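The values are calculated or read from the model by the stated rules, or taken from the named source; none is laboratory data. Being a predicted model, the structure only gives us computed values, none of them experimental. All Cβ positions, glycine included, derive from the backbone under ideal geometry; neighbour counts span all protein chains shown.
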Amino acid sequence: MKRHPSFICFLSAVFFAGMSIVSCGEKPKLPPEPENPGEEPSGPTVTETAVTASPAAFDGEKRASVTYQLLVYSFADSDGDGWGDFNGITERLGYLDDMGVSAIWLSPIHPSSSYHGYSVSDYFTVNDRFGTEADFSNLVSAAHEKGISIYLDYVLNHSGSDNPWFIDAVSSADSRYRDWYLLSDDPENDVRKGMFPMLGTGGYNAGEWRGAPVKGRMHFRLDWRNPSAPTVTVSRTDEDPDVPDEDGTENFFIWYGEGQIARFKETSAGIYELTLDFDSSWGFLIRTSDTTWDGGTKWGAASATAAISFDVPFALDNKTAADIHWSLLYQGVFDRSMPDFNYGDVAEAENTDVFRELVSSAGKWISLGVDGFRLDAVKHIYPRADGPENPLFLSKWYDAVNELYHAAGHDDDIYMVGEVLDGEVSHVAPYYRGLPALFEFAFWYRLEWAINNYTGCYFVKDILGYQDQYKANRADYIEPTKLSNHDEDRAGEVLGRSLVKEKLAACVLLTAGGEPYVYQGEELGYYGSKAGGDEYVRAPMKWTRSGTVPTECLGGKVDANMLNADRSVEAQLADEGSLLNVYRTFMRLRNTYPALADGVMTRHARYNDSNTADKAAAVWYMTARDGSGRMLVTHNFGNAPITLDLAGDDLSHCVGLNGDVSIRNDGGAETLVLGSFATAVFEQ
């Protein structure tokens, strides 16, 4: 029978220096010839036979619930403008379908002032950089035709500062949106008095409060007659704005808005003035240089809470030099471009207008065929990450959106997964009281430690311990497992850019319990660190050996050395031993066998946390929930071969293989030999 190439054992695998390379077709090792011809060799015969994989033919059914995390802006660019788009994704659905992907998590699709989309300007429309709403609808339909669901990234903690709701809210105390955000002239006292129920009386953090945006024609008067105590006075005016003085000699400037800078003119000795149409989401600063911030050239407020008032001189400071803003402040936990929503007391959160409006916006996308949502930064919605407020809020949100999903004609419940970025499972597990699924960051943290420390014996115990904590909070919990994502250093980086370690990590992800997520480019061996900027862990897909990638979206922050021809989809599809083909092979394997697709993970009797003599071995069973099948999963987390005595386990039918694996027969006693970082899966 001709086997699919994806299931043929790799003919050459890269290992650490000094390790041998074993061919899948290598002949059994025979005992040495006797010293004297004609004499029978003494002792039992020892043979070693390379293991080959022969999985069942894939019937096309996607059983495994594998989701692909996709960055709309850098996945596929259909029109060559340097930005990924909906049509580009549609054109590449075949790639995802062939991998065995059953759902796609899209990065935020809404208009936003940021490239990444997490500062949302309008929850009801699509970002026109990505295409039209019709293009999006076409993507959803095309994905559904291939059995691929669409999940949207949704931001409930905050909007963008350029969202019309926020702009209107800060424009007037009478705005209908005033209570949608946390706004105050004196936040410290207002929080202490309990004016913001969602913050409690002790939830004030000065570093999270920022000056509200102000716009209009304004006159700035800078008094520098006493250089040790300069002041600035701002007044609203109807006078014509000044023409920018680009050739002036005065070294006094105002810095405001999105990197705008304008030069003052000296009107009398030590007095500098400027009239302009001012528009800034954060306030302004005074500078005595237009080229550098160094050497005390930045002048601002003496503290982050000091506020300027119109027509009143404001003392300038060049030590703290905080942003100069007016008295109205807003809370923005992440940064000034992301003002936090105000949901009030969590007991009544579902009755607030902002809650209802965001539910309504989710309903629109459900009506367009969206199958689920990934909720961003859910531990920050209410300030006590370890309190009961966020899980309760999420429960209310889930119920409200699920009701719309059912009203749209769906018999099942909507899929919803939350991001609680925390490696402590005890902190994450209580959030299962609010949502059916939560990303398991601890899975990756534990796995990368185990691989980098060549220690697999504790892995099963840890994962099963996590599951026990989830189960205590929600009986029907969903466990979304993952390696790295868009907010973390790349898996390839953390694993030392080691191909054999990355292959092992992929095999573990796709043979353990839970519902795996694969992050864009992880299957190609992308590496990168956040140290140089988040863009370097959000690299574009390299589709062809010679083709370009969309770099405009990332401001050119792309590692061209990493995105070489060998790391392209084209090159790796053609290389039977590539990382991409490991992902394809094991995703197909997971989709083929129910025991791997959604089975129950259990300990092995011999190779477990109590057996530290074989610490590199990670061995477990996966059993189908209906009892229809069982798999023995074996991994070597070590950088040297290991020999496993698996008496009582059936090693006759290998269905999945990565690296060098053989069976040694010593006088009838069989043992399994796993090469460094190797994997073998056997049907039981």
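Just to check your reading of the model, which residue among G369, G332, G363 is within 21 Å of K396 (Cβ to Cβ) and at pLDDT 95 or above? Answer to the selection: G363. Among helices (runs of 4 or more DSSP H) lying entirely in segment 83-177, which contain 2 or more residues that are touching a residue at least 60 places away in the same chain (Cβ under 8 Å) and more than 18 Å from R538 (Cα to Cα)? It comes to 93-99, 133-145, 164-171. Exactly one residue out of L328, L358 is under 17 Å from Y256 (Cβ atoms) and surrounded by 15 or more Cβ atoms within 10 Å (Cβ to Cβ), and it is L328. Select from segment 422-456 the residues that are part of a loop (DSSP other than H, G, I, E, B) and surrounded by fewer than 17 Cβ atoms within 10 Å (Cβ to Cβ) and list them in ascending order. G423, E424, N453, Y454, listed by residue number. Exactly one residue out of A206, A212 is surrounded by 14 or more Cβ atoms within 10 Å (Cβ to Cβ), closer than 22 Å to A321 by Cα, within 42 Å of the chain's Cα centre (by Cα) and among the aliphatic types (A, V, I, L, M), and it is A212.
Could you tell me which residue of segment 218-250 is farthest from T288 (Cα to Cα), considering only residues that are within 44 Å of the chain's Cα centre (by Cα) and surrounded by 16 or more Cβ atoms within 10 Å (Cβ to Cβ)? Here the answer is M218.
Among the residues of segment 508-522, the ones that are within 12 Å of G599 (Cβ to Cβ) and aliphatic (A, V, I, L, M) come to 1 in all. Among the residues of segment 91-120, those identified as crowded, with 20+ Cβ neighbours inside 10 Å and among the small types (G, A, S) are G100, S102, A103, S107, S112, G117, S119. Where strands (runs of 3 or more DSSP E) sit wholly within segment 244-284, those with at least 2 residues that are aliphatic (A, V, I, L, M) and in contact (Cβ under 8 Å) with a residue 12 or more places away in the chain occupy 260-263, 271-280. The residues of segment 458-483 that are touching a strand residue (DSSP E or B) at 6+ places or on another chain (Cβ under 6 Å) and under 21 Å from R606 (Cβ atoms), listed by number, are F459, V460. Of the residues making up segment 285-304, those that are assigned to a loop (DSSP other than H, G, I, E, B) and either modelled with pLDDT of 90 or more or surrounded by fewer than 17 Cβ atoms within 10 Å (Cβ to Cβ) (or both) number 12. Just wondering, is there one or more residues in segment 370-388 that are assigned to a helix (DSSP H, G or I) and surrounded by fewer than 17 Cβ atoms within 10 Å (Cβ to Cβ)? No, segment 370-388 contains no residue that is assigned to a helix (DSSP H, G or I) and surrounded by fewer than 17 Cβ atoms within 10 Å (Cβ to Cβ).
Only one entry of D85, D79 meets the criterion of being more than 30 Å from G599 (Cβ to Cβ) and out of contact with any Ser or Thr (no Cβ under 8 Å at 6 or more places or on another chain), and that entry is D79.
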